[in-house]
Amino acid sequence: MGLIQAAGRRGVGDLSRHRGAAKALLIVICIALVAVLPVGISSSWNLELGFACIYGLIGLSLKLVVGSLDRVSLGQQALVGIGGFTAALIVAHLPIPFGLAVVAGGIAGALVASLIGGIALRLPRLHVALVTLVLALAAENWLFQEDWFSGGQLGATLYRNQWLADNYHLYLLLLACLLAAMLLDYRLGRNKFGRAVRAVRDAERVAEVYGIRPLSYSLSVFVISGFLAGVAGALWAEWEQVISVSDFPYQLGLVLLIMVVIGGITNRLGVVVASGTFAIFSVVLGEIQPLVNLVGTTRLALFLPVLTGPLVTVVLIRAARKQERRDAGGRGRPVGGDLSPGSTGSVHALARLSPSIITRDIWRSPAPIADSALVVENLSVTLGGLNVLRGISLAVQPGEVVGLVGPNGAGKTTCFNCISGYQRRWSGDITFGGHSLNKLPASSRGQLGIARTFQGGGLLRGASVKENLMISRHRALGYSAAGGVFGTPRSLRAEKVLLEQCRELLALSGLERLENVPVGTLSYGTMRLVEIMCVFATDPKLLMLDEPSSGMSASEASLLGDWLAQVRTELNISLLIIEHHVPMVVGLCDRVYVLDAGTVIAADVPSNVRVDPAVVSAFLGEPVRGDT
Amino acid sequence: MVTALLSGLVNGAAYALFAMGIVIVYKNSRTFNLAQGEFATVAAYVAYVILKSTPLPYSVALIVALVAAVAMALAIERLAIWPLRRASRVDPLVATAAITSSAIALETILSGGASYVLPAIVGGRAFTIGGTAVSYEWVLVIGVVLATVVLGGIFFSNSMNGIAIRAAASEPTAARIIGIAMGRASMLSWGIAGLLGGLGGILLAPVTTVSPGEFTASALVAALTATVLGGLTSIVGACVGGLVIGVAESLSITYIGNSIPGAASLVELGIVLIVLLVRPSGLLGAR
C-alpha cells in the first residue's frame, strides 16, 4: 500500500534531513561561539560565565520536575549542596579522581531525590513542593551545618586538579557537562520513555491502561533530576573551590523556580538561557556605574528577585488566559466533522479497516489468544455510605461478547473501575485467566491484556492523534526505556517502524490529515474513534468499552456495532461493553447482564433479557405485579 | 522540661494560627500558600516601624499591622490567585513562591537586612509552674489563639459568610449554582488567612527576632509540617498539629540541640516524611 505513500514519506525525509544538517551546523557554530566567549574578556567575567553554565545545569534539573512531572520542587538547591559537599568530602578523604567525585555528587543527589520522590510522588502533586521545602530548611539548618559533612560555617574546600587549574579549561568542562545534560534532556523526550512520562503527567489513568506504571516513570525522572542537581553541586564546588552553607539558602530554591518558569517550563534552551542570565545578571548590572552609584551594590543584587515575583505572576496569568482561549476555540470548531470528502462522520474511517487488518497488517501483532476468562465474584462497593454495588457476580468467557446494561447510576462504570483497577476500596474477588486481580495496580492489569475506554474520553488531550497512537503502543515496543534514552540501534529501528505503522493506520482509515492535530480539538465522535484505535493498539485480550456509541448518531452507532461484530468474528478477543444503544447490544452480545441499583437483575441472551419483566420495570418504571 | 514544654506550647499556639490560615486557603484555593509567613513579617515590620517612629500607642500599631497583613493577602488573592483559578493547580503555588521571594528581597532592601525585636505587648510574670516563670506574654499568646479558635468555630458554623466559605470549598460547582459568590468566598478565606498570619507574626515577634524571610523559614515550615500532621483539610487538625510541632521543636532543641545543629528542622523533616509515608491524610484529614 503504499508506494505513493512511501514515496511521499521519502520525499519528506530528504527534506528534513537537509533541514537537520543545517540545524546541526547552526548548533555547532553556537556552541563554538559560547566556548570561545571567555577568551579575551576580563577574568571576573570569565568566572561568571562558568557560573552561568552551572546555573543552566541546575535549571535543567528543575525543568525535569516542573516541566516533565508538573510538580514543584523548592529543594533543588539542597540537592545541589548535597552533591557539592559529598564531592568535596570524597576528594578530601579518598584518592580518587575529580571525575569520579562529580559522579559521586550526582549519586548523592539522586539518592536523596529517590527518598523524597518515593514518598512524595505517590501523593497529590502539590505535596512535592511541601516536602522539598521542608527538605530545603533541614539541609540549610541541619545537614549543611554539620562539621563532618560540610565543614560547618567555614564550608568545604575542593582543590582543583592540575589540568583544571586554568579557569578556561574548567569553563570548557562545565560547558561540556551542560551540553551533555541538554542532550540527555532531549533524548529523554524522544522515545517511549518520554511518551510514558508525558502520559503520566497529562492523564495518569490512560497511561495505566497502556501498561505504564506512573510511579516508576515519575520517580525515574525525579531521580535523574536529583542526579543532575548533584553533578551541578560538585561542579560548583570545583569552580568556586570553597562552598559553604550560605551558598544554599532556602530562598535560592524560590529563585531557581522563578527562573525556570520565566525560561518556559518545557523549553530546554529557554530554561538554560534564563538560568544562565540569572547567574550573571547582578554582575551585568554592576557594570553599569551610574546604577551602582544610585542604589549600591548590595541592593542591586536584590533588584532581580523583587521584580521577578510580579513578573512570574504576569507570565503565569498570560499563559493561563492563552490556554483558556485555546480550549474555548477548540470546543467551538470541531475538525472531526470534515474528515474526508464523502464521509459523514468519523466512524466511517474505522469502518474502512477490518480489525484483523489493523492487528495483522499494521501492528503485526501475533494473533490474540483468548485464553483468559474474566470472573467477578461477589463484588461490593460502598461509596460514602451508598451501596453502589451489592455483591454482583459476572463472567466473561474467552472470546465472548458480553453487554452490561442498566439505568443511570446502576453501578456499571463502578464495576468497570473495579475490574480495571481504579476503584480503591471494594470487596469480592476478580480473576482474569486465573490471576487474581485483587491486589494488582491498574498498570499491571493493562499488562495482562485488559484494556478499557473511558466515558469522558481516555486520551491525552494536548497530544496529537499520532502521539496518542504511539503512546498506546508503549507495551508492544520491544526495547527498554533506558535503551530508548541512549538511542540504541534497536530502539531507533523500533521507533521508525512505529512511526510508519501509525502513519499507515491513519492513512488507511483516512485520518491522515488529523495526524498532528491535538486530540482535545477534535469532535466528540472522532475522539471516541481515536480512543478505540488506541485501546485496540494495546493488543488487548479483553476490551472493555464504556458507552462506545455515546455522542454518535444512530447510523454511526450501527456502523460501530458492525465493526465490533467484525472484531468478534475476525479476532479471538473478549469484549465487555456498557451500552445504552439497544440495537447494538442485541445485535452484538452473546449475553447481557442487567444491573439495577447495584445488583444483577437479569443475565441471559439478549432476546430473553429484553422481555424480562424485572428489566422492563427497571428501565421503564412499571411496577412488577405481585412483587411489591 | 517544664520550660521546654511551655515555650513549645506558646510557639505551637502561634504555629496553629499559621497552620489554620494555610488550611483555610488550601481548602478554598487548592494550593499551599507559601506567602503565609510573609503576612506575619509584614505585620511585624509595620508594627515595629509605627512604634519606632511615631508616638502612637501599641494598640493602634497592632490594628494597622493586621490591616496591612490582610491587605497583602487580599492583593495576592485578587492579582494572582483569582486570575489563576482555572489554570493548572501548580500555577498558584508557583505564584505564591515567586511573591514570597519578592517580598523577602523587598524586606531586605527596606530594612537593610537587619533584624528587630518587637517590644513585649504585656510585661511581667503571671505565675510559676514547676519552678518555671510564666510571663503574661505567654498567657496572652495562648489566650489569643484559644479565642481565635473559638471565634473561628462560631464563624464557620454559624455565620452565613463562614458557611458560604465551607460550601465553596467542599462543592464549588454546587455552591456556584446555589448562588454563592465564589470570588467573595475566595477573598474572605484569603483575608482570614492574612489576619491569622498577621496575628501570628505579632504574637511571635516579641519572643523571636524578626528579619527578612524569618517567618517563612521558621513559622511557615513549622506550620506546613503541622498541617501535614493534622491533615491538610482539617482546621482542628491544624491546631493540634501546630501545638505538637511547637512542643516537638522545643523538646528537640532542649535535648539534642547541643549535639545536632538545626535539630528542629531535622525533626520537622522526619515528621513530614513519616506521616506522608504511614498516613498521608494526616491525623484528622479527610481520606
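The values are calculated or read from the model by the stated rules, or taken from the named source; none is laboratory data. Values in this document were obtained by computation on a predicted structure and should not be read as measured data. Here the Cβ is made from the backbone with ideal geometry for all residues, glycine too, and neighbour counts use every protein chain on show.
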**Prompt:** Residue check: is B:S111 away from chain A (no Cβ under 14 Å), touching a residue at least 24 places away in the same chain (Cβ under 8 Å) and under 30 Å from A:G253 (Cα atoms)?
**Reply:** no
**Prompt:** Yes or no: A:I212 of a type in the set (A, V, I, L, M), in a loop (DSSP other than H, G, I, E, B) and either within 22 Å of A:V465 (Cα to Cα) or out of contact with any Pro (no Cβ under 7 Å at 6 or more places or on another chain) (or both)?
**Reply:** yes
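Within 20 Å of A:L115 (Cα to Cα) and out of contact with any Lys or Arg (no Cβ under 8 Å at 6 or more places or on another chain), is that true of A:A274? So that I can check it myself, show each step before the final result.
Details: within 20 Å of A:L115 (Cα to Cα): no; out of contact with any Lys or Arg (no Cβ under 8 Å at 6 or more places or on another chain): yes.
Judged against the criteria, A:A274 is not a match.
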**Item:** Which numbered condition B:L229 misses (of (1) within 14 Å of chain A (Cβ to nearest Cβ); (2) assigned to a helix (DSSP H, G or I); (3) touching a Ser or Thr at 6+ places or on another chain (Cβ under 9 Å))
**Value:** (3)
**Request:** Mind listing whichever residues of the range B:115-132 are more than 30 Å from B:S53 (Cβ to Cβ), without any contact (Cβ under 8 Å) to a residue 24 or more places away in the chain and surrounded by fewer than 13 Cβ atoms within 10 Å (Cβ to Cβ)?
**Result:** B:R125, B:F127, B:T128
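Could you tell me whether B:A47 is part of a helix (DSSP H, G or I) and more than 18 Å from the chain's Cα centre (by Cα)? Spell out the reasoning first.
Details: part of a helix (DSSP H, G or I): yes; more than 18 Å from the chain's Cα centre (by Cα): no.
No: the conditions fail for B:A47.
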**Request:** Output yes when any residue across the range B:26-36 is part of a helix (DSSP H, G or I) and without any contact (Cβ under 8 Å) to a residue 24 or more places away in the chain, and no when none is.
**Result:** no
**Item:** Subset of the range B:234-287 [under 24 Å from B:G200 (Cβ atoms), in a loop (DSSP other than H, G, I, E, B) and either facing chain A (nearest Cβ under 10 Å) or not aliphatic (A, V, I, L, M) (or both)]
**Value:** B:S234, B:G257, B:G262, B:G282, B:G285
**Asked** Consider B:V134 against the criteria (1) in contact with a Leu (Cβ under 8 Å, 6 or more places away or on another chain); (2) under 22 Å from B:A286 (Cβ atoms); (3) not in a helix (DSSP H, G or I): it satisfies all of them except one. Which criterion is unmet?
**Response** (2)
**Item:** Any hit, the range A:603-625, residues being surrounded by fewer than 17 Cβ atoms within 10 Å (Cβ to Cβ), assigned to a strand (DSSP E or B) and touching a strand residue (DSSP E or B) at 6+ places or on another chain (Cβ under 8 Å)
**Value:** yes
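Could you list, in sequence order, all residues of the range B:230-273 that are among the small types (G, A, S) and within 30 Å of B:F156 (Cα to Cα)? It would help to see each step written out before you state the result.
Within the range B:230-273, the subset among the small types (G, A, S) is B:230-231, B:234, B:237-238, B:241-242, B:246, B:248, B:250, B:252, B:257, B:259, B:262-265, B:270.
Matches in the range B:230-273: B:G230, B:G231, B:S234, B:G237, B:A238, B:G241, B:G242, B:G246, B:A248.
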**Request:** Identify, from the list B:G191, B:G201, B:G213, the residue that is closer than 23 Å to B:T148 by Cβ and either of a type in the set (D, E) or buried (at least 20 other Cβ atoms within 10 Å of the Cβ) (or both).
**Result:** B:G201
**Request:** Filter the range A:529-560 down to residues that are under 18 Å from A:G399 (Cβ atoms) and part of a helix (DSSP H, G or I), then give me how many there are.
**Result:** 2
**Request:** Would you check if A:T526 is polar (S, T, N, Q), in the same structural domain as A:Q397 (by TED's automatic domain parsing), in a helix (DSSP H, G or I) and crowded, with 24+ Cβ neighbours inside 10 Å?
**Result:** yes
**Prompt:** Residues in the range A:252-267: is at least one over 30 Å from B:A35 (Cβ atoms), crowded, with 19+ Cβ neighbours inside 10 Å and at pLDDT below 95?
**Reply:** no
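For the range B:50-76, enumerate the residues that are not β-branched (V, I, T) and not in a helix (DSSP H, G or I).
Kept after step one, since they are not β-branched (V, I, T), are these residues of the range B:50-76: B:51-53, B:55-59, B:61-62, B:65-66, B:68-69, B:71-75.
Within the range B:50-76, B:P55, B:L56, B:P57 qualify.
Does B:R86 satisfy the criteria of being of a type in the set (K, R), in contact (Cβ under 8 Å) with a residue 40 or more places away in the chain and either surrounded by fewer than 24 Cβ atoms within 10 Å (Cβ to Cβ) or away from chain A (no Cβ under 14 Å) (or both)? Lay out the reasoning, then the answer.
Numbers: of a type in the set (K, R): yes; in contact (Cβ under 8 Å) with a residue 40 or more places away in the chain: no; either surrounded by fewer than 24 Cβ atoms within 10 Å (Cβ to Cβ) or away from chain A (no Cβ under 14 Å) (or both): yes.
Considered against the rule, which asks whether it is of a type in the set (K, R), in contact (Cβ under 8 Å) with a residue 40 or more places away in the chain and either surrounded by fewer than 24 Cβ atoms within 10 Å (Cβ to Cβ) or away from chain A (no Cβ under 14 Å) (or both), B:R86 comes out as no.
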**Asked** Where in the range A:436-518 are there helices (runs of 4 or more DSSP H), lying wholly inside it, with at least 3 residues that are assigned by TED's automatic domain parsing to the domain that holds A:E547 and more than 18 Å from A:M544 (Cα to Cα)?
**Response** A:465-472, A:481-486, A:489-508
**Request:** Name the single residue, out of those in the range A:106-136 being facing chain B (nearest Cβ under 8 Å) and not in a helix (DSSP H, G or I), that is farthest from B:L232 (Cα to Cα).
**Result:** A:R122
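Residue by residue through the range B:181-226, note down the ones that are within 14 Å of chain A (Cβ to nearest Cβ) and hydrophobic (A, V, I, L, M, F, W, C).
Step one: of the range B:181-226, the residues within 14 Å of chain A (Cβ to nearest Cβ) are B:211-226.
Answer for the range B:181-226, where residues must be within 14 Å of chain A (Cβ to nearest Cβ) and hydrophobic (A, V, I, L, M, F, W, C): B:F215, B:A217, B:A219, B:L220, B:V221, B:A222, B:A223, B:L224, B:A226.
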**Complete set of residues in the range A:214-239 that are crowded, with 24+ Cβ neighbours inside 10 Å and small (G, A, S)** = A:S218, A:S225, A:G226, A:A229, A:G230, A:A232, A:G233, A:A234, A:A237
**Within the range A:297-313, considering residues that are within 10 Å of another protein chain (Cβ to nearest Cβ) and either out of contact with any helix residue (DSSP H, G or I) (no Cβ under 6 Å at 6 or more places or on another chain) or basic (K, R) (or both), the one farthest from B:L93 (Cα to Cα)** = A:T298
**Asked** Which residue pairs have Cβ atoms closer than 9 Å, lie 6 or more positions apart in sequence or on different chains, and pair a first residue in the range A:96-121 that is in contact (Cβ under 8 Å) with a residue 12 or more places away in the chain with a second residue that is buried (at least 23 other Cβ atoms within 10 Å of the Cβ) and among the acidic types (D, E)?
**Response** A:F98/A:E238; A:A101/A:E238; A:V102/A:E238
**Message:** Go through the range A:586-599 and report how many residues are buried (at least 22 other Cβ atoms within 10 Å of the Cβ) and either of a type in the set (A, V, I, L, M) or within 34 Å of the chain's Cα centre (by Cα) (or both).
**Reply:** 4
**Test for B:V275: is it of a type outside the set (D, E), surrounded by fewer than 22 Cβ atoms within 10 Å (Cβ to Cβ) and over 13 Å from B:A13 (Cα atoms)** = yes
